[in-house]
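J.: Dropping the structure in here first, questions after.
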Amino acid sequence: AWFKSAQCQKQRPDLQAGAMAAGDVQMICKALLDPELFVFADAASSDTRTMLAAAMPHACGDHSYQKEIQGLARNTLQSAQAAAKSEGVNFGEEALKAEALIQEAKEHAEAAAKTTQMASADAAAKAAALEEQKAKVLVAVTDDEQAAMSLQVATENHNSAAEQKASADAAIALVKSFEAGELLEDPTEVLEMLKTARAEKALLDAVVALLKLQPSERGEFDSIVLAELNEVLGTFAGSLQHTLDEAGLELKDLTSEALGCGALKEVEQEREETASKTLLAAEETVEARRAEEEAAKVAVTDREAGRSKHLMEQVLAQDRSARAEAAAAAVERLQNPPAPEAMEVDDTKKVVSEETGRSDVFMGMVGA
């Protein structure tokens, strides 16, 4: 059966050659009319390619006109193939360059991420320092308030001691005037001071009587009472002076302490303000570093997209090159058609293959 088929094919070489030529013409016309193959500079115009496509069905022969059309078509398609191949190479090179740029962008993004982490850690440390400083300010404010209260009490004590000492000195002055012969218009101040000095009642009674006497009316007992009066007031004034001195020293110490606490409070408050500003600057730095990190990530994405685009363009260019090359090969077959003997051999092989396949299938069915 395969031999008869081969013989049949052998009897029709002209028909087979015509079918092959028609297929090639169809491929060539399709390629010439494909605008995607002619987007490069100096490409044949659409009008020129349309003219060639219209002439191709009539260019299957050895006439000089037909050969010229075939040559023009082949040159046009080969230029498209070369341009597409060159574009593919260029896009491949750009893709390789993009790899290096992507790696560079990734390294930059990693460095930006580390910088952001460092800035965040620094901001966290400054935030902790600010909280610590706030605690110091709170302690300083409390100490300042307590020092102010202590100073107020010390001032009041000092003023009270000074008033008492002044009253005692005034009473002693009155007694001195009385002792010099001047009667007191109002002995109340002297008597009140004796009471404050906790003098004995007997002395108080004697002093009341004494202060009414003129110098000429005073006796030995009155002199004793007057001496006792001076001694009691002098002793009391001395104790008041001691109290006043101690109050003065305490007031001096507490004044220094209050001034120190006030100064320390101001220093701690200034430090808190500085720490707050430092934290704000650190937080702004974190935001800036995060923005840089995001920009670096976007750069990686953009460069990866660029590489993908180059690779896609490379594949498309390779496809255009393959189509143009196939069409140019079809023109070459029209210019140099294969010998009938080669076609017969190819057909015989094809028939043998087909018949062998059918035999294998039949034998398989029989075996089943």
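J.: Does region 213-236 contain any residue that is at positive phi and surrounded by fewer than 19 Cβ atoms within 10 Å (Cβ to Cβ)?
T.: For region 213-236, residues at positive phi and surrounded by fewer than 19 Cβ atoms within 10 Å (Cβ to Cβ): absent.
J.: Looking at (1) without any contact (Cβ under 8 Å) to a residue 40 or more places away in the chain; (2) surrounded by 15 or more Cβ atoms within 10 Å (Cβ to Cβ), which one does Val137 not meet, given that it meets all the others?
T.: Only one criterion is unmet by Val137, namely (1).
J.: Given the criterion open to solvent by 80 Å² or more (accessible area, probe 1.4 Å), assigned to a helix (DSSP H, G or I) and of a type outside the set (Val, Ile, Thr), identify the matching residue among Glu68, Glu185, Glu94.
T.: Matching residue, one of Glu68, Glu185, Glu94: Glu68.
J.: If we keep just the residues of region 32-58 that are acidic (Asp, Glu) and assigned to a helix (DSSP H, G or I), which is surrounded by the most Cβ atoms within 10 Å (Cβ to Cβ)?
T.: Glu36
J.: Could you go through region 275-289 and let me know if any residue there is over 30 Å from Ala125 (Cβ atoms) and of a type in the set (A, V, I, L, M, F, W, C).
T.: no
J.: Consider Ser150 carefully, then state whether it is in a helix (DSSP H, G or I), of a type outside the set (D, E, K, R), touching a residue at least 40 places away in the same chain (Cβ under 8 Å) and surrounded by fewer than 19 Cβ atoms within 10 Å (Cβ to Cβ).
T.: Yes; evaluated as a whole, the condition is true for this residue.
J.: Continuing with this model, one more query. So which of Thr278, Thr285, Thr235, Thr274 ends up being without any contact (Cβ under 8 Å) to a residue 60 or more places away in the chain, within 30 Å of Lys114 (Cβ to Cβ) and β-branched (Val, Ile, Thr)?
T.: It is Thr274.
J.: Oh, and also: Could you say which residue among Leu210, Leu249, Leu204 is loosely packed, with under 13 Cβ neighbours inside 10 Å and either touching a Pro at 6+ places or on another chain (Cβ under 7 Å) or of a type in the set (A, V, I, L, M) (or both)?
T.: After applying the criteria, what remains is Leu249.
The values are calculated or read from the model by the stated rules, or taken from the named source; none is laboratory data. Just so you know, these numbers come straight off a predicted model, no measurement behind them. Cβ sites come from the backbone with ideal geometry, for glycine too, and all protein chains shown count toward neighbours. The protein model used for the area step is the full one, side chains on, heavy atoms only, and it has no ligands, DNA or RNA in it. Shrake-Rupley method; radii C 1.70, N 1.55, O 1.52, S 1.80 Å.
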